[in-house]
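This report concerns only the one structure given below.
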Amino acid sequence: MKIKTLKNRLLFSFLTVNLVLAVSVFCLGYWVIQQQLFERTQKQVNHYLDSARLFYASEIENIGTRMKLVSYNQDLETLRKSLDLDYLFRLSSDNARIAASRIVQKVFESRVPMGGTRLAGPEELARMPEAVRQRARIPIKGSSKEEFTEGGIVKEYALPLLGPDGQIESVIYGGRLVNQDYIFVDKLRLLVFGEEQYRGKPVGTVTIFQDGIRIATNVLDKEGRRAVGTHVSQAVYDSVIREGRRWHDRAEVVGNWYRSAYEPIRDIDGNIIGILYVGILEEQLTDIAAKILVLFLLAAAAALLLAGIVAFVLTGSILHPITLLLEATRKLAKGEWGHEVPAQTSVEELDQLAKSFNEMSAQLRHRELSLKISNEKLAELNKSYLDLIGFVAHELKGMLASAVINAYSLRDGLLGMLNFKQKRAIDSICRNLDYLDATVKKFLNLSRIEREKLEINKQPICLRKDIVDISVQTFSKLIEDKQMTVVNRIDPALRVNADPDLLQIVANNLINNAAKYGAEGGRIELSARLLDGRVEVEVYNDGRPIQPNELPLLFKKFSRLDNPDKKKVKGTGLGLYITKQIIEAHGGQIRVEPRAAGNAFIFQIERE
């Protein structure tokens, strides 16, 4: 789209600048949202994961604290229920080697109480209450056949019981199964995130994975049930389970996007048995970001609208005086000299511009008057010059005709025989008279051209017979004196539509120049060819090729080339100028083409 007017350009520039600023503000807002909202939230999620890990560890310590405060002389089942544990067992020192729990084994080895997380196998779960076994059995979703989790993750604490001799008699160990322990994960979520919800979904979520399967979570599936039995994503699994690294980024969790953090859950030997996850629902963050961006957009749109109004008013106040100035220049262009514009605006630079224009207009009016007077004087002088050329040439023509006849009669012996010295003198006189006759004719032609009285009377003529052959015959003596060869390739049947007298002048000038400026013993080649319904005539002569810097001088009035070899050749510098004017008056063109050993003058003329 082309913006042609200055007003449109200014408005477009103002709006473009403001649009760039608006886009920049929008991009800045987007960057701020990304940096301050999403990235800060991601950092918070990482801190929440640290808090969840500490709470998870504190839960194990709480089990140990409660176990240390009771007496083990009572029934273990009763004691298990009072301690709110899923299992509680005693293992004597005789059976230490067959203990399934590595925590128990380490207590036997170190004689120090300790707790931790471990994976309980199916055999251990078989000795636990039926409700616990059912919680450990979780259907795995997304599998091709019906599959269930094997074993379960337990939070366990073990205490050594010492005998009178200070030796370990037995180890009491108990714990809670994490699988489907929703009280635990809900308490963990409440502690870390609180009870905030968004559109019926908890904003913060906590999940514990056994290997890559969710076994305890408050993430809900599409039916609103806890999404246990679902898989963690492959990227998280590879990073956390296989590589043992913490993973934190946005992640899709059961159909919803969360700002998430995952870290491995390790047993007492450092083996990875599961994953601890915390996440914040991204939907809430996205809606907040969208509202902020909408506010940015509304602010940018309002700024653009205000800028557009200001730009429209401002450009109008600036362009009104410029419009007046433009109209004034149009009037000057039409010849209304002296036109002025108001020089009182609200902009100092425009006032100065108006004053300068008014001064220029006044000076142009004065100059126009001066030029008019000067042109009238020049027209009178030019008329006098042309009258003088015409009068002198006409008078000389009459006197020259008589002098030429008498001189040639004398030279040819018609008035008596001449001796050798007399003949040489009369030959020189004849040559000078010929040159003077040619000069007078050129001045007469120049006078006709300058007066714009070059009348063209076109008629069909034979180019070779009626024009070219006559010119060759006219300058035959000059050609013979220079021992030059004329090669005439023009078709005798070729006819053109031209003024015969003027075309004869063209041919005379070109052939005369070819003979005068051609090389001694060289060739003059004459040819013609048909070209797009016209005839292109070429006059070539051997000689010094014209240099590129000399070409612009060829067809100028009174212009001659500075050729040291031809200093003695007389000329007025009018022949080619007159030739060019005659050809162009016929509607044709003329040019020169320097060749390797000479020059070719080529012109076009209308074909019959």
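Listed here are the residues, each with its yes/no results for (1) in the same structural domain as Leu494 (by TED's automatic domain parsing); (2) at pLDDT below 90; (3) acidic (Asp, Glu).
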{"position": "Asn509", "(1), (2), (3)": "yes, yes, no"}
{"position": "Tyr517", "(1), (2), (3)": "yes, yes, no"}
{"position": "Glu520", "(1), (2), (3)": "yes, no, yes"}
{"position": "Arg523", "(1), (2), (3)": "yes, no, no"}
{"position": "Leu531", "(1), (2), (3)": "yes, yes, no"}
{"position": "Val535", "(1), (2), (3)": "yes, no, no"}
{"position": "Val539", "(1), (2), (3)": "yes, no, no"}
{"position": "Pro545", "(1), (2), (3)": "yes, no, no"}
{"position": "Glu550", "(1), (2), (3)": "yes, yes, yes"}
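Across region 187-205, the number of residues qualifying as part of a strand (DSSP E or B) and within 19 Å of Ala251 (Cβ to Cβ) comes to 5. Take Asp542 and tell me if it is within 30 Å of Pro460 (Cβ to Cβ) and free of Cβ contacts under 8 Å to residues at least 60 places away in the same chain. No; evaluated as a whole, the condition is false for this residue.
If you check Tyr56 against the conditions, is it in contact (Cβ under 8 Å) with a residue 12 or more places away in the chain, under 60 Å from the mean Cα position of the chain (by Cα) and at negative phi?
Working: in contact (Cβ under 8 Å) with a residue 12 or more places away in the chain: yes; under 60 Å from the mean Cα position of the chain (by Cα): yes; at negative phi: yes.
Here the answer is yes, as Tyr56 does meet what is asked.
The values are calculated or read from the model by the stated rules, or taken from the named source; none is laboratory data. All of these numbers come straight from a predicted model, not from anything done at the bench. Don't worry about glycine lacking a Cβ; one is built from the backbone with ideal geometry, like all the others, and counts go over all protein chains shown.
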